[in-house]
Amino acid sequence: MSYERTENDGRDGSDEEARPLLERPSPASNASSMVPIPRPSIVRQTILFGLPGIFYTGTMVGNAKLLSMLSETGGAAAFIIPVQGTMLAIATCLSTAAVTAVSCVTEEENKDQKTRDIIKTGWILIAGLGALGSGMMLLTRPIFPHLFNANTSQAAISFFESCAIGNIPLLMLTEDTLIALTHGDWYIPAIIGASFCAVSLGLGYSLAFDAELGAFGVGLGNSVGALLAFAFMRMWFTREPYKKYGFYELSQILEWKQIVKTLAGFAWKPSLQRLIEWSNLLFITTAIGLKSNDALEAMIPSMQFLGLFISIMQPVAIISGRLIANNNSELDATESESVVSGRFSTRNDGGLEAGVSIAETPILQHEPVQIERTECLHKNTRTLLMCSSIAVGLTTAFTLPVYFARTPIAKFFHINPVNSTVPMNTLATNSADTSLAETLLCINLLGLFPDAVRTALTGGLGGWKAAVFPIITNLITMIIVALPLGLVIGDKFGGSRPVESSSAWMFSMRDIGIFLSALIMVGRCIWQLYNAQQPRTYVVADNRNGMFASRSPVRLSLANGEAYTPSPGARPGISEDGVPVNASP
């Protein structure tokens, strides 16, 4: 099985190892392979891809509200977003890797079988992730009572135990919806996401209050919603367009080790990036919960909106990465075509004859060719500015209503027993906790603006094949530096309310860490733009007569002797978020 992943020279600022000869496509094949995906199509596909994540996060927010309506839940709702969000994010990365691997299969022979094997391997890996996550949920029973408030522990344990039932099908839905999306069923992701949200919350409310199952009923509603959505997708894949893949055939997966290796290669960088972002919130939640259950309850509104923000921003990051990757692919295609067409004829008089290997044909080096790349600078600069502006605009539209409604929002997630005989507008609430909830909400809303820029630029760096740099940067700024400083400063300058002050300082330092990360991303993107626009000098090698047949091998190399293979042509390029570029789904 062949999975070809091409790299664009200079995208990550490092030298690349020599690559095999690139088969120059014929004019007929070139006409289709070199045509870029229309920009609106990329945006539309990415938005549709991001819709299920928004619905899934919306379900978590609804669960938080349902738990807050129970009288003895404590701060259990604060754990929902980071725990479930982490698993969904990693499952999404694995799902994207599976679809990407399918698009990179180059052999036509047994292509349907290879597609089936890749999809099944992805399902198995995601099911394993789901089983691991469900096991961790069940482990909360012996662990939580020793760490947190009794009410918080019991509610969290009950929710996670019932939610663990549907965790595996829920995570597998991320691949199912992406398969349908790339197959052309654009409406399936939105329908599945909306249905899961409606069934989970509606059934969760009924089980929690009408059936008096409490937090266990809220989690059980999630499991039933996931199982129903999963069953619908199983039936959907029995339709005629999907039968040729044989998803349900009990056959051996060929070359499964190579498939696992390929999926891991595509998924580990975006998975690690998502893990850092969600782990940061989980660490803060745990640290605050260990100190005070009241402070844990006060941070519930912030956690819900941070989770929603991450879901909204992920499509922007994907758009940014795909546009940068497409820009580079288009420019590389034009550049390589101009070098080759300016030097050689496409006639077959004296070119390589059929059956003659390249090793049997003498190779001649032509004089170096220098190509200016100013257009690369302008095109990618416009893309980064556009994506950053979209991110900031969405953040402004998201934060302003929340800021002006911060008081009702803080009270919305406050403990308000649904069966209380006291009217809702006269329920006694702790003004200090409500004030702290508003403070934390304002602090976190302020940090969303640099986070928006950071997310957009992180996606852009992925399009340049430089995804490791944001991972290291975010790990250092958000976890290694920000978390310990927040704990130390909060304890040292706690004043009369050390617990509340510690909570505010931890989120404040998180904002500072995000701001520093965004500044570093800006600097790296400026360096990428400068490096990519530098002129390139090529050395072109041809056969003994310098005349090429339309499909004969062509070697382009940089002046230093390093082999260079442009992204487009016979194979699609792959952006660092695992999405193919210049290849329609």
Exercise. In region 178-201, what residues are open to solvent by less than 30 Å² (accessible area, probe 1.4 Å) and of a type in the set (Phe, Trp, Tyr)?
Worked result: Phe196
For this session: Considering only region 93-112, state which residues are closer than 19 Å to Lys269 by Cβ, at pLDDT below 85 and either open to solvent by 40 Å² or more (accessible area, probe 1.4 Å) or part of a helix (DSSP H, G or I) (or both).
Result: Ser103
Exercise. Which one of these is open to solvent by 10 Å² or more (accessible area, probe 1.4 Å), over 20 Å from Thr396 (Cα atoms), small (Gly, Ala, Ser) and over 17 Å from the mean Cα position of the chain (by Cα): Ala482, Ala504?
Worked result: Ala504
Seminar exercise, completed: Log entry, pairs with first residue in region 509-535 being over 18 Å from Ile472 (Cα atoms), second being open to solvent by less than 70 Å² (accessible area, probe 1.4 Å) and basic (Lys, Arg), beta carbons closer than 7 Å, six or more apart or on different chains, reads Ala532/Arg373; Gln533/Arg373; Gln534/Arg373; Pro535/Arg373
Seminar exercise, completed: The residue from Lys257, Lys244 that alone is among the charged types (D, E, K, R), touching a residue at least 60 places away in the same chain (Cβ under 8 Å) and open to solvent by 50 Å² or more (accessible area, probe 1.4 Å) is Lys244
For this session: Please state which of the following conditions Ala211 fails to meet, knowing it meets all the rest: (1) open to solvent by 50 Å² or more (accessible area, probe 1.4 Å); (2) under 20 Å from Gln84 (Cα atoms); (3) of a type in the set (A, V, I, L, M, F, W, C); (4) free of Cβ contacts under 8 Å to residues at least 40 places away in the same chain.
Result: (2)
Exercise. Does region 566-573 include one or more residues that are modelled with pLDDT under 75 and assigned to a helix (DSSP H, G or I)?
Worked result: no
Problem set entry | From the options Leu250, Leu263, Leu331, residue that is open to solvent by less than 30 Å² (accessible area, probe 1.4 Å) and free of Cβ contacts under 8 Å to residues at least 60 places away in the same chain | Leu331
Exercise. Is it fair to say Thr86 is hydroxyl-bearing (Ser, Thr, Tyr) and either within 19 Å of Thr285 (Cβ to Cβ) or at pLDDT below 85 (or both)?
Worked result: yes
Seminar exercise, completed: Selection from region 214-235 of residues touching a residue at least 40 places away in the same chain (Cβ under 8 Å) and open to solvent by less than 40 Å² (accessible area, probe 1.4 Å) yields Gly214, Ala215, Gly217, Val218, Gly219, Asn222, Ser223, Gly225, Ala226, Ala229, Met233
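Out of Ala532, Ala518, report the one residue that is more than 26 Å from Leu290 (Cβ to Cβ), touching a Lys or Arg at 6+ places or on another chain (Cβ under 8 Å), hydrophobic (A, V, I, L, M, F, W, C) and modelled with pLDDT under 95.
Of the residues listed, the single one that is more than 26 Å from Leu290 (Cβ to Cβ), touching a Lys or Arg at 6+ places or on another chain (Cβ under 8 Å), hydrophobic (A, V, I, L, M, F, W, C) and modelled with pLDDT under 95 is Ala532.
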Exercise. Picking from Ile119, Ile90, which residue would you name as being under 20 Å from His183 (Cβ atoms), part of a helix (DSSP H, G or I) and in contact (Cβ under 8 Å) with a residue 12 or more places away in the chain?
Worked result: Ile119
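The values are calculated or read from the model by the stated rules, or taken from the named source; none is laboratory data. Note that the structure is a prediction, hence the values are computed from the model and not measured. Because the Cβ atoms are built from the backbone with ideal geometry, glycine has one as well, and the counts that use them run over all protein chains shown. We work out accessible area using only protein heavy atoms, side chains counted, and drop any ligands, DNA or RNA first. Shrake-Rupley method; radii C 1.70, N 1.55, O 1.52, S 1.80 Å.
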